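The values are calculated or read from the model by the stated rules, or taken from the named source; none is laboratory data. Predicted model only: the values in this text are computed from it and were never measured. Ideal geometry is used to build each Cβ from the backbone, glycine not excepted, and the neighbour counts take in all protein chains shown. All accessible areas refer to the heavy atoms of the entire protein, side chains included, with ligands and DNA or RNA removed. Shrake-Rupley method; radii C 1.70, N 1.55, O 1.52, S 1.80 Å.
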Amino acid sequence: MKIGVVVHGPQIVDSGYALKIIKFLEKYGKVKALLGGTMGRTAVYDAHLENLIDISKKRLPSQSIDKLAKEDHDIIFLLNYGKSKITGHGFGYKVFMKTKTKPKLIQIERPGEKDGTVIPWHKAVEPLAKEIADKIGLQLVKPEKIIKELSPENHEKTSGKRVYRKLVGVSKDENIFVNGIVIGKATSENVILVAEDGIIKKIIGGKLKKHGVEKLGPINLDEAIVKTGLLRRADNIKPRKVKKRKPKKKLKVAFLDHAAEDIYKLKDSDLVVTVGDDTSLVAADILYRFDVPIIGITDGDIDKVVEKGFKTKGSMIIEFEKGLDDIIGRKIFNEIFKRKYTIEIEDIENLKKKILEIIDNMDVDYLIKKIK
C-alpha cells in the first residue's frame, strides 16, 4: 500500500509523534511524508527529520494532500497537534473541504493527549481508521460529529459587504494571526473577525491591532489562514545549526518587512535587515539555524509570537519609540537598498554604520542591543 502523510505544525514534530506515527505507518506500506504549512519547517530541521519529511517547498496542508493524491497514494494521513480538540477538528474539516481531490484521508489529532482522536474524512477508510485508533489508543470520531460540534455558527457568514468569521478554541489574551501577521489580541473566548471589502475592521471579543491590519492589507477572510496563541509552543527547544556561514568577499544582504513572507528563502543571505518586532523575532529565530544575523528595526510593540527567540551572533536590534519602525525601515530601504530587496556589500560593520548614520540624522531616540 502507498501511504501519504502530511505533517502540519511544529507541535506534532516537537512532541516526537510525527516520527512515531510515520514509523508505525511503515508497517502498513511504503510511506511518503510532506510538510503542510510553513511553521513546522523549523521543528523538522531541529529534529533532524528533513530527510524523512519533505520540506523543500512551501505548500498549504490541502495542497500537500492533493499532491499526494495525484501521485496515486492509496491513503493519506494528516498529522496535527492542535491547541485543543476543537481547534484540531476545525482545522481538519477546513483542510479536507479545501482539497480538490477529496481523497481517502485519515486525520490523527493530538496523539499525546487524553482527548486525542482519529478521524476518517472519507467513508471508505473508516475500518482502517478504527483499527489504527485502537492500536495507538485514541478515540475514533466520525466527521458528522465534528460538523455538529463546529455548528453553523462557527462557519463564515456574509452580510452585505461584511464577512464574519468565528474562531474556535481561543483563549483570552492570545495573539490572533491572519496569514502569519498579528492583527489583534483576544479579550474573551468568543472571537469573531469582521472584514469589509477585504479589510479586517473589527474583532468582536478582541482588540484590533491597526498596524498589523495595515501590514496585512486586503484579504479573502474565508480563505485566510487564522491561528491563535504562540506559533511554536514546545518547551526546551534545542535549535539546530543546519549550516555555518563562511567568510567571503561579496556579502548578500536582504530586506524583510513582512513576517508572512517565506523567510526560508533568505537562508542563503549573509545578513537580513528586518522591520517590525514580530518580523524581527520570527526571522531571527528561523535564520539562527542557518547562521544568518539580522539587524532588527523595532519599536517595542512585541507580541511574543514564539516562546523563546534565538538570534545569531553579530545580530543587532535597534529599538525606537512606538510607530517609528516602519518610517525608519522605509528610509533604509530607499537610501541603502535603493528600493531593492537584495543588495551586495563587502563589510557588515560598514553597513551598520550607514544605518546608524541615517537614524542619527533623523534625530530620534533609540536603544541598541547587540548579540555577542
Quiz item: Where residues in the stretch 197-210 are assigned to a loop (DSSP other than H, G, I, E, B) and of a type in the set (D, E, K, R), which of them is farthest from ASP173 (Cα to Cα)?
Solution: ASP197
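Okay, residues lined up against (1) under 24 Å from VAL5 (Cβ atoms); (2) open to solvent by 90 Å² or more (accessible area, probe 1.4 Å); (3) at pLDDT below 95:
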site	(1), (2), (3)
ILE108	yes, no, no
ASP134	yes, yes, no
LYS157	no, yes, yes
LYS172	no, yes, yes
Quiz item: When both residues are 6+ apart or on different chains and their Cβ atoms are under 8 Å apart, which pairs have a first residue that lies in the stretch 347-372 and is under 24 Å from LYS246 (Cβ atoms) and touching a residue at least 60 places away in the same chain (Cβ under 8 Å), and a second that is of a type outside the set (A, V, I, L, M, F, W, C) and surrounded by 15 or more Cβ atoms within 10 Å (Cβ to Cβ)?
Solution: ILE348/ASP270; ILE348/PRO293; ILE348/GLY314; ILE371/PRO293; ILE371/LYS311; ILE371/THR312; ILE371/GLY314; ILE371/SER315
Quiz item: Within the stretch 180-196, can one find any residue that is touching a Leu at 6+ places or on another chain (Cβ under 8 Å), among the aliphatic types (A, V, I, L, M), part of a loop (DSSP other than H, G, I, E, B) and open to solvent by 20 Å² or more (accessible area, probe 1.4 Å)?
Solution: no
Practice problem: Kindly list, by first and then second residue, each pair from a residue in the stretch 162-188 that is within 18 Å of VAL213 (Cβ to Cβ) to a residue that is crowded, with 17+ Cβ neighbours inside 10 Å and among the aromatic types (Phe, Trp, Tyr), limited to pairs with Cβ atoms under 8 Å and residues at least 6 apart or on different chains. | Solution: ILE183/PHE177
Quiz item: Which members of the stretch 250-287 meet the condition of being among the hydroxyl-bearing types (Ser, Thr, Tyr) and at pLDDT 95 or above?
Solution: SER269, THR274
Quiz prompt | Count of residues meeting criterion [among the acidic types (Asp, Glu) and loosely packed, with under 12 Cβ neighbours inside 10 Å] in the stretch 197-221 | solution = 1
Quiz item: Across the stretch 23-46, which residue is most open to solvent (accessible area, probe 1.4 Å) among those that are of a type in the set (A, V, I, L, M, F, W, C) and touching a residue at least 40 places away in the same chain (Cβ under 8 Å)?
Solution: MET39
